[in-house]
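To start, the structure itself, in structure tokens.
The values are calculated or read from the model by the stated rules, or taken from the named source; none is laboratory data. No experiment lies behind these values; they were computed from the predicted model shown. Positions of Cβ are generated from backbone atoms using ideal geometry, with glycine treated the same way; all protein chains shown enter the neighbour counts.
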Amino acid sequence: MKGQRRRVYPTAEELRIWRDFTETAQALRGELASRLQKECSLSPGDYSVMLALSETDGSRLRSSELAALVGWERSRLSHHLGRMERRGLILRVECATDSRGAEVVLTDQGARAFREAALPHLRAIRELFVDPLAPEQLAAVGLIVATLRAGLDAARPQVRVLA
């Protein structure tokens, strides 16, 4: 390999695979989002926020921690939380430990909506993602995703979330 230059651009085959990957992932996300909206009147964003909150003690998180968990900019999260708050799914309350911060709390109504959405959403994931793959294909996807995630994490500057 010494003296041999590494190709800068993807080959035609690599680009075909990339396009298949991105288009399939987009179609899968779109179908899951459509079913979630139709069956449960929730957006994928609603579900992501409620999932993150449901996995914490007290179903509450500081806004900055929630933004990091769902991978959103704080301004996007703030607008989305406003819509969810108007629908009674979450509340924003003053942080008990720091008066400068706010915590997002999953309401009883939000917890109920999340529980009602979980089973149909998980069934759709099984139908559209898990069932079409053989066990060894699913394991290979897991390895591929872990490798891609590690590469992204290594390329991304580390951001510290202040509690």
Within the range 54-95, take every residue that is among the acidic types (Asp, Glu) and over 16 Å from the mean Cα position of the chain (by Cα) and give me the one that is nearest to Cys40 (Cα to Cα).
Glu85
Considering every residue within the range 35-54, establish whether at least one is in contact with a Ser or Thr (Cβ under 7 Å, 6 or more places away or on another chain) and surrounded by fewer than 18 Cβ atoms within 10 Å (Cβ to Cβ).
yes
Which is of a type in the set (D, E, K, R) and in contact with a His (Cβ under 8 Å, 6 or more places away or on another chain), of Arg29, Arg35, Arg83, Arg100?
Arg35
Taking Ala68, is it of a type in the set (Gly, Ala, Ser), closer than 29 Å to Asp131 by Cβ and crowded, with 17+ Cβ neighbours inside 10 Å?
no
The residue that is farthest from Ala124 (Cα to Cα), considering only those in the range 79-94 that are surrounded by 15 or more Cβ atoms within 10 Å (Cβ to Cβ) and not charged (D, E, K, R), is Leu91
Yes or no: the range 78-87 includes at least one residue that is at pLDDT below 95 and of a type outside the set (D, E, K, R).
yes
Output the qualifying pairs, or none if there are none: Cβ atoms under 8 angstrom, residues six or more apart or on different chains, first residue in the range 136-163 and more than 30 Å from Val104 (Cβ to Cβ), second residue at pLDDT 90 or above and among the β-branched types (Val, Ile, Thr).
Leu138/Val130
Options Glu23, Glu13: the member that is modelled with pLDDT of 95 or more, under 20 Å from Val141 (Cβ atoms) and over 26 Å from the mean Cα position of the chain (by Cα)
Glu13
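Could you pull out every one of the helices (runs of 4 or more DSSP H) wholly within the range 13-128 that has 2 or more residues that are of a type in the set (S, T, N, Q) and in contact (Cβ under 8 Å) with a residue 24 or more places away in the chain?
The qualifying helices (runs of 4 or more DSSP H) are 63-70.
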